[in-house]
1. Roughly speaking, what % of Cα-Cα pairs in the chain are separated by over 38 Å, rounded to a whole number?
2. Give me the distance between the Cα centres of the stretch 297-348 and the stretch 223-243, rounded to whole Å.
3. For the stretch 318-325, just list the computed ³J(HN,Hα) in residue order, Karplus coefficients 6.51, -1.76 and 1.60, θ = phi - 60°, integers in Hz, with x standing in for Gly and Pro.
4. Under the definition of Cα pairs under 8 Å and six or more residues apart, what whole-number percent is the relative contact order of the stretch 77-211?
5. What ³J(HN,Hα) values, in whole Hz, does the Karplus curve 6.51 cos²θ - 1.76 cosθ + 1.60 give for the stretch 132-140 when θ = phi - 60°, with x put for Gly and Pro?
6. Taking the Cα centre of the stretch 92-152 as origin and charging only Cβ (+1 Lys, Arg; -1 Asp, Glu), how large is the dipole, in debye to the nearest 20?
7. Give me log10 I(q)/I(0) at q = 0.13, 0.18, 0.19, 0.21 Å⁻¹ for the stretch 223-352, Debye formula, one equal scatterer per alpha-carbon, no solvent.
8. For residue 72, list long-range residues whose amide hydrogen, built 1.01 Å from N in the peptide plane, is under 5 Å from its own amide hydrogen.
Amino acid sequence: MRRRRGLMGVDISATRVKLLELDRAGDEFRVLAYASEAIPAGAIRNFQILDAEAVARAILRALERSGSRTRDAAIAVSGPSVISKTILMPASLDDAEMEQQIHFDAEHHIPHPIEEVNLDFQILEPDPDNAQFNRVLLVACRRDNIEMRTAAIEMAHMRVQLVDVEEYALQNACTLLAGQIEGVPDADSIAVFDIGADSTRLTIQRDGRSLYAREIGFGGNALDASLMERYDVQDFDALRARLRSGEIGATDLAGNVREFAEQLAVHIDRTLTFYQSASTGGDEPIDHVVLVGGPTLYPGLYDALIQLLPWPVSLGNPLDGMLASAPARRNHVDTDAPSLMVAAGLALRGVA
């Protein structure tokens with residue numbers, strides 16, 4: 001019997017496109033395909049695709065290198081054009097009635113004209129204070145943001161089957177981190193920081209649920225740029241190749257990495273201190289910090305953050321323990337895995 005293929009998770013970030021396809025056999029996940037390609041400078045700015053053709057070419061190159069025949073894609077949107085909020089809706093409404101009511105009330109929930117956005121919603125749970133209402137997650141995104149991503153995917157001869165929000169894709173991928181932190185029970189609060197190029201996304205998890213999410217305007221681009229200038233390389237792929245080969249070692253990077261770690265630690269400390277002070281009673285604990293994202297691959301960063309942060313710190317890997325296909329391994333999925341949280345969260349949407 002021919003195996004039904006799922007979805008290719010396509011993470012389009014400020015600097016790279018990452019394609020990841022997963023499969024599942026029983027309780028075990030496998031990496032079927034993976035590839036990553038750089039996006040030309042200026043093609044994406046402030047979360048908006050400005051050059052869909054350039055992004056499409058990067059997607060097509062990655063797709064060809066991945067060796068996958070899957071053409072159905074799951075993508076994610078992010079940035080200020082995405083609005084999510086929890087609202088209360090009468091529990092007596094069915095889905096059709098709720099959709100109609102949400103569209104009718106949309107101007108009270110979002111700052112954009114209804115004709116300029118796509119809306120979606122999900123019933124979360126009964127309101128704990130009033131059983132006659134449900135807590136409903138409402139998500140809105142400007143259509144031009146979705147349309148430009150869809151255009152890039154279609155130019156790469158793929159089809160968008162699912163549009164997610166990066167925040168929720170990250171939360172979905174956190175299920176893959178469960179069990180990686182020894183001695184930390186599910187009831188503890190885990191702060192997961194996904195360090196990207198331009199920004200860092202935080203989700204605080206407890207018992208498999210997200211308690212809090214926030215985006216921080218600080219990422220690894222500054223560190224990458226300083227190292228590319230120092231070693232006179234033109235792009236990050238060339239820098240990464242020299243790191244993998246051992247031509248540039250941990251001792252060479254120590255000063256740059258330490259400076260970045262100090263800046264990152266300040267942002268982490270401020271963000272978690274704000275969360276704790278704003279929580280009910282001001283004493284919400286953080287039991288553990290987990291770091292994921294490309295910059296965690298720099299040697300010395302983890303050791304520095306252990307010294308700089310007052311919380312226990314671990315490095316996360318959403319693909320830890322997964323078998324991977326030979327093409328995925330050739331494309332360095334093992335070393336790139338910590339930077340694939342959003343791609344993994346999207347790929348999981350197509351795994352039964």
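1. Details: 10362 of 61776 pairs.
Here the tail beyond 38 Å accounts for 17 percent of pairs.
2. Each part reduced to its Cα centre gives a spacing of 20 Å.
3. Running phi through 6.51 cos²θ - 1.76 cosθ + 1.60 with θ = phi - 60° gives x, 9, 4, x, 7, 6, 10, 5 Hz.
4. 22 percent
5. Once rounded to whole Hz, the list reads 7, 10, 10, 7, 10, 7, 10, 10, 10.
6. Working: 4 positive and 14 negative charges, 61 e Å.
Here the stretch 92-152 has a charge dipole of around 300 debye.
7. -0.69, -1.12, -1.18, -1.29
8. For residue 72, the qualifying residues are 8, 159.
The values are calculated or read from the model by the stated rules, or taken from the named source; none is laboratory data. Values in this document were obtained by computation on a predicted structure and should not be read as measured data. For neighbour counting, all protein chains shown are included, and Cβ atoms are generated from backbone atoms with ideal geometry for every residue, glycine included. With ligands, DNA and RNA removed, areas are computed over all heavy atoms of the protein, side chains included. Shrake-Rupley method; radii C 1.70, N 1.55, O 1.52, S 1.80 Å.
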